[in-house]
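Just so it is clear, none of the values below were taken in a lab; they were calculated from the coordinates. Predicted model only: the values in this text are computed from it and were never measured. Neighbour counts run over all protein chains shown; Cβ positions are idealised from the backbone, glycine included.
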Amino acid sequence: MVVATAGRSTPKPGKSVVQLFRDKSQKYNQHKKRESKPMPWVDVSDEESGQKTGKNSLKRNGAMANGQSPNLPSNHRRKKPRHSHDTSSHAHNGVQEDATNGAGPSSLSKAAAIQEQRKDLPIAQGREALIEEIRKNDVTVLLGETGSGKTTQVPQYLLESGLVGNGMIAVTQPRRVAATSLAARVAQEQNAPLGQLVGYAVRFDEKSTSNTRIKYMTDGMIVRELLSDPMLSKYSVVVVDEAHERTLRTDLLLANLKKIIKKRNEPTKRDAKGKNNTTSSNPLKIVVMSATLDAEKFSKFFSGAKILYVKGRQHPVKIYHSAEHQMDYVDSAMRTFFQIHTDQPPGDVLIFLPGQEDIESLQASIELFARQLPVNSPNVLICSMFAAQDSRKNIQAFAPAPPNTRKCILATNIAETSITIPGVKYVIDTGKCKEKQFLARAGGGGLDTLLTKDITQSSAMQRTGRAGREGSGMCFRLYPESAFKAMQVSSEPEILRTSLTSSILQLKCLGQDMQDLDLMDKPDEESIISAFRTLWLLGSVDQKGSLTPAGRKMAAFPVDPMYACSIVASEGLQCTSEVIDIISVLSSSSKLFVDISDQRDAVAEQRRKFRHPSGDHMTILNVVRAYEEISASNGTTSANKNKAAKREWCRKHFLNERTLLEAQEIRNQLRTVCERENINWTVSALKKTAVVGGAKEDGVIHEEDSIIKALGHGLTGNAAFLQPDGTYKQIMGPSIVKIHPSSVLCDKKVAAIIYDELVFTNHIYARGVSSIPKSFFATHEPLKQRHA
């Protein structure tokens, strides 16, 4: 076993860092020597990105070619076309179909091939040493490079070694796409159906049983489990993967794990001399896994935990930088793709883009120009991957491309870590991502911004690694090498740039205060004060900062605290059924209304059918009711016809059916939580007004009164009053806001509004707006106390 530091430098005195890897560099160096002609592009090895690498300009046939593909050496042999075959023969941790237990020849050969792939991973050579180190240490920091196989193999090694006993292994992921896809792959490697031996748990979706031994889950889900099981007693090992991303939930989890391990691993007995002689009956092991060189910080946080280093990338990746910055990165990505498509050997292309809008724009452009290619050119199959997209569509990116077809995957940074997309040989990196930044105000509330910004060096290297999973690859960076060197090494921890409201509420339920928690990075005081004021407005905490009974109820709901507050308030206003319907749609991962710029008039005409004079929230409720009526009217027809009818109805009315289907699943979970908290979710404002009356002076029954008031309890901090100039001024802040053009109320003036969020462009716009009586705020208890 070779001892080396995680940072590939001389080991520090007293530090024990174990290196477990298989070195294939000689093999690839020999391969490189066979290339007689040097590449005329800027070429940076992914292992030596920090070193000087020659010229900064890119040339092709004597001309500047930003983002273009390189000339191949004269002796370069084109590879044979890659034949389509089952995804199981591809990368070790991509999304796969559920494993089956069939005993036919094809299933047996498939299972054998998967096991061979496992043995061929870089981490496999150090399997026994890795297990032994984890067995000897309570906390282990595993620094594994991209492609090492750590994410899929470490949990299986621990299970197969018997190290976990009768407990479970929790493997946390920052993103739900990674959690579900990794669980599917590991289930296949274990030759077990997904949800049995290997399962997953993500927000509003879980596949696991009491027999599950390996459970992939988002970091938010395991933090929520702390509410019911503060010691995480059913887990023998917690593997914190992608820890370098430093999400808010990961930081909170690490802080709690540090406390838990001290309690669970304490000796239970002492001998006659007072010395410990028996270890805990339910000890905990922690494995912190990272793909970037920040292992020292995690080791220090856990009091000098052992660092293991696994060399990973199985295949070399050549990196090409553009000669200058690209002003239009979407157009540059399109040009680069077609240069790869026409000049390079077969292999799929993965393009990293900041967000959904860029993906849809680039997809339209590629489809347009792909139709103009020569007849003998390979076809282009475009797949997209982003968090708000239906998981069934995301999975399409993992299926093999048909014969004579190059697959082009357009993805956000969800494809950056953990998951492997089979067939990818080329990566186009725009160097951009979207990052949420919360601008907190000491008076409570704040402003969420989602801005496009440059990625970090860590992200750039992760993206590069996607091209080298199955063979040697190429990465085309649409920015100069100087821009790469100027990037931040890693991203700012999320705990320093996001709202702390939900996290502080959960910590309060655990009897913890964020100020006292041992965190890797402490948030600033203003963010904490802002979160406490918001929670006080919601009635979650009292003026002394202590948790209230209502606050404990709110924490039980897996939604934003302001929406949880509305659900709790709806109980007294007898409109829980409608409030849950609305909040289920608001909590889904994609927008309900589809906007198509070239059909704006048709969209407006169809949407007019659902408009409610009170605003956007009741408009959403009208859509939900209409969708359910379609289902009810087709109740006697076959399931397929019913599904087709609903799909066609949504298409005709420019509605996102995926949002409505996801909302149904969220609604079912919220109803379950209501039952657990003794809230009657069947109570309906419609039934109440129909039976009791509730008529206004105009003699018309208005069911929205109680619904809007219930929402108002949660959105008190998101309220504004009309000003003489026609704008709105926040009640709890100094901002002047306008109603977003997409709102039902954009052309109306009402005395007071509540809104779901603020969007900052050239103005501050309120989105998801409803009118509310101004008198409501005079009777709202927290505001009465504030004015007093």
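Pop out the ³J(HN,Hα) list for segment 584-591 in order, Karplus 6.51 cos²θ - 1.76 cosθ + 1.60 with θ = phi - 60°, rounded to Hz; leave Gly and Pro as x.
With the stated coefficients, segment 584-591 comes to 4, 5, 5, 8, 6, 7, 9, 6 Hz.
Given the Cα-Cα distance of H612 and L722 and 0.36 nm per residue of separation, how much length would full extension add, in nm?
So the extension gain works out to 37.6 nm.
Can you compute log10 of I(q)/I(0) for segment 316-498 with the Debye formula, treating each Cα as one identical point scatterer, at q = 0.08, 0.09 Å⁻¹?
Once normalised to I(0) and log-transformed, intensities are -0.26, -0.33.
Can you tell me the relative contact order of segment 715-788? Whole percent, Cα pairs under 8 Å, sequence separation 6 or more. Let's see the in-between values first.
Working: 120 pairs, mean separation 19.7, N = 74.
The value is 27 percent.
Order the peptides 398-410, 714-726 from the highest to the lowest mean number of other Cβ atoms within 10 Å of their residues. Kindly include the intermediate steps, with their values, before the conclusion.
On the way: 398-410: 19.8, 714-726: 18.3.
Top to bottom by mean Cβ count within 10 Å: 398-410, 714-726.
Provide the gained length on full extension for the span E128 to S742, in nm with one decimal, where the gain is 0.36 nm per separating residue minus the Cα-Cα distance.
215.1 nm
Go through segment 359-376 residue by residue and turn each phi into a ³J(HN,Hα) via Karplus (6.51, -1.76, 1.60, θ = phi - 60°); whole Hz please, and just put x for glycine and proline.
4, 5, 5, 5, 4, 5, 5, 5, 4, 5, 6, 5, 5, 9, 6, x, 4, 7
Using R₀ = 30 Å, calculate the FRET efficiency as 1/(1 + (r/R₀)^6) where r is the Cβ-Cβ separation of E629 and K591; round to 0.05.
Calculated transfer efficiency: 0.85.
Between Q599 and T405, what is the FRET efficiency for a Förster distance of 25 Å, r being their Cβ-Cβ separation, to the nearest 0.05?
Details: r = 30 Å, r/R0 = 1.21.
Rounded to the nearest 0.05, the efficiency is 0.25.
By how many nm would the segment from N211 to E526 grow when fully extended, if each residue of separation counts as 0.36 nm and the alpha-carbon distance is taken off?
Contour length minus Cα-Cα distance gives 108.9 nm.
Which of the peptides 498-506, 173-181, 585-593 is most tightly packed, and how do the rest follow, going by the mean number of other Cβ atoms within 10 Å of each residue?
By packing density, highest mean first, the sequence is 173-181, 498-506, 585-593.
Amide H of I739 versus every other amide H placed in the peptide plane: which residues, excluding those fewer than 5 positions away on the same chain, fall under 5 Å?
A766
What residues have an amide H closer than 5 Å to that of R246, excluding those fewer than 5 places away on the same chain, when H is modeled at 1.01 Å from N in the peptide plane?
none
Taking the simple approach of a point 7 Å from Cα along Cα-to-Cβ for both T342 and T779, what is their distance in nm?
Between T342 and T779, the simple spin-label model gives 7.0 nm.
Go through segment 324-331 residue by residue and turn each phi into a ³J(HN,Hα) via Karplus (6.51, -1.76, 1.60, θ = phi - 60°); whole Hz please, and just put x for glycine and proline.
3J(HN,Hα) across segment 324-331, in whole Hz: 8, 5, 9, 5, 10, 5, 5, 5.
Taking R0 as 41 Å, what's the FRET efficiency between D120 and K262 from their Cβ-Cβ distance, rounded to 0.05?
Working from the Cβ atoms, E equals 0.55.
By what distance, in whole Å, do the Cα atoms of segment 197-274 stretch along each of the three principal axes, largest value first?
For segment 197-274, the Cα extents along the three principal axes come out at 52, 31, 21 Å.
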